[in-house]
Structures are given as structure tokens and as C-alpha cells.
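Have a look at the structure below, then the notes.
The values are calculated or read from the model by the stated rules, or taken from the named source; none is laboratory data. Source: prediction; values computed, not measured. The area values use the complete protein model at the heavy-atom level, side chains included, leaving out ligands, DNA and RNA. Shrake-Rupley method; radii C 1.70, N 1.55, O 1.52, S 1.80 Å.
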Amino acid sequence: MTRFAANLSTMFNEVPFIERFLLAANAGFKGIECLFPYEASATELAALLKKYQLTQVLFNMPAGDWSSGDRGIACLPGHEKAFAEGVDKALEYALALGCKQIHVMAGKWDKKFTHDQQRVCYITNIQYAADVMAEYGINILIEPINTRDMPDYFLTTQNQAEALLKVIDRKNVFIQLDLYHCQIMEGNLLRTIERLWGKFSHIQIASVPERHEPDRGEVNYFWLFRQLDEMGYQGWIGCEYYPVGHTEEGLGWLRKAKQ
């Protein structure tokens, strides 16, 4: 049975972040994910998870100065100290929240460095994060992001991610397979899922091209949900989409998917 996790950074934005946990639980979600949980204390978030019987499925490691345009620092030489501090911060929250998956945003290409310098930096940093988290049974996830939504991002295709996994060579590093990004960059979703089977541990969804509820747009997600069930997918599906209107009014797709 497919398990869906509400992304509390993109959904239920009608209320402050802390209040979204209750709305997600009332809507029938058993898991939640978010981009960055760090504005609230880990203790406060852990209490909310317990109160509403929710599982923290995923969150992002600190990604640099977001307001200044950073989209991760893993591939940026000279930021190794800040990256290591981010690993420590993410670990603190993961342990408090019982979260077993952390997404590490790669960052953008920087013309001050060669592509090879940034690739080596990225691989080294991901290996470091994986080694720290391995002791606690936590997975590190890497996610290709499309070039339309995030120009100049370091990691953009599943083929690139698959090649990086081989070089990173850590058993607790997996792909975060966002089907919205994948459809924009590559398409061929089912065959990609089949090819990457065992190399991804989390899936995310949103309609294409507008990134709204998954019951609209060019991807037949209900068909894909059935395929994933038949294939025996055991992970969560994160709902990282931006509702067209009020979040709760657009959840008819969730009820249909559970039938």
C-alpha cells in the first residue's frame, strides 16, 4: 500500500509551519517531510510528531544562505567547514525526530572553479556526510533537480546521479527520485524507476508542468502508483507540490489514490 508524506514546506501554507502538523494528520497523512525544519526547535517538532502520530520521513540538510541564492554547498570548494557543521545540525534533528533520511542539496555550478573541482568536492562531502550518518542508520539522499526551476544546479539528471552513486560508493547513499523533476528532464518514468530500482529510497511527486496536485497535468500518477505497488515499493512518496488553492480542497487525489 502506497504511503504518502505531506511536504509541510509546500502544503498547508494557509497556516504557520507549526500548525501544519495537525492539518496533515487530519487530512489522513501518516508521514511528513519538509525542506528545512531548523526555525523550530527539535524538541518542539518531536513533540508534534508524537502528538499527531506522524513519521518524519525526510528533511534537508542546511543548504547555505538560501536568501542569497545558495541551493546547497556540497559542491562548493572552500565551504567544507560549513558543510560539516550542517551535517552535525542535521544529525541533531534527525536523532530527535527519528528521521532516517536526509537530503543533501548539491549547490550550483560556480565559474570560479572547474567542473572537476566541484565534482570532487561534492563526492568528498557526500562521503563524509554518509560516513557520519551511517553510525546512526541514517541514509543520505541526492536529488536531481530540473534546470528550469533551478538553473545552474549541479545535479540535474538521473543518469548523473546514478554515475555519482557508483563513485561515492557508500551503502547509505541513495537517489531521491522526484518524478516531477525527472519528467521535465528525461521523461520515461516507469523505465527509469525500473532501471534505478534499489538505488532510490524516496519518491516525490507533483503535476507537470505546473507543480500542483498530482491529479492534473501530463503524468498519470494513479497508474504509476499501481505500478509501484505491484513492484513492491516499500518507501514513502513525498507530496512536494504547490496547491492550486486551499490545500485541503485539493486533496481529492489522495482519497482516490487510497481506494
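Think of it as helices only: each DSSP H run of n ≥ 4 in the chain is worth -39500 (n - 2.57), and spread over all residues that comes to -11500 deg cm²/dmol at 222 nm. In the chain, carbon and sulfur make up what percent of the accessible area (probe 1.4 Å)? About 50 percent, which is the carbon plus sulfur part of the accessible surface.
When only alpha carbons are used to place a centre, segment 75-150 and segment 188-246 end up 24 Å from one another.
Taking square-rooted eigenvalues a ≥ b ≥ c of the alpha carbon gyration tensor, is segment 41-162 rounded, prolate or oblate, where a/c under 1.5 means rounded and, failing that, a/b exceeding b/c means prolate? Note, shape of segment 41-162 comes out prolate. For residue 196, the amide hydrogen comes within under 5 Å of no other amide hydrogen, counting only partners 5 or more places away or on other chains and with H modelled in the peptide plane.
Check every DSSP H run in the chain and write down those whose alpha carbon atoms cover 20 angstrom or more along the long axis and whose mean Kyte-Doolittle hydropathy is -1.0 or greater.
Values: long enough: 80-97 (25 Å, 0.22); 115-134 (28 Å, -0.24).
Flagged H segments are 80-97, 115-134.
Could you state the accessible area per residue of the chain in Å², with a 1.4 Å probe and every protein chain left in place? Don't skip to the answer; put the middle values down first.
Details: 11720 Å² over 259 residues.
Result: 45 Å² per residue.
Each residue of segment 244-257 was assigned a 3J(HN,Hα) from its phi angle through the Karplus curve 6.51 cos²θ - 1.76 cosθ + 1.60 (θ = phi - 60°); the sequence is 5, x, 5, 3, 5, 6, x, 8, x, 4, 5, 5, 5, 5 Hz, with glycine and proline shown as x. Just to be sure I understand, if you calculate Rg/Rh (Cα atoms, Kirkwood Rh) for this structure, which of (i) 0.94; (ii) 1.06; (iii) 1.04 do you get? From the options (i) 0.94; (ii) 1.06; (iii) 1.04, the structure gives (i). The mean sequence separation of alpha-carbon pairs under 8 Å and at least six residues apart, normalised by the residue count of the chain, gives a relative contact order of 19 percent. Pairs of Lys residues in segment 3-258, spaced 8 or more positions apart or belonging to different chains, with C-alpha separations under 13 angstrom: 6 in total. The H on the amide N of residue 173, modeled in the peptide plane, is under 5 Å from the matching H of 140, each at least 5 residues off or on a different chain.
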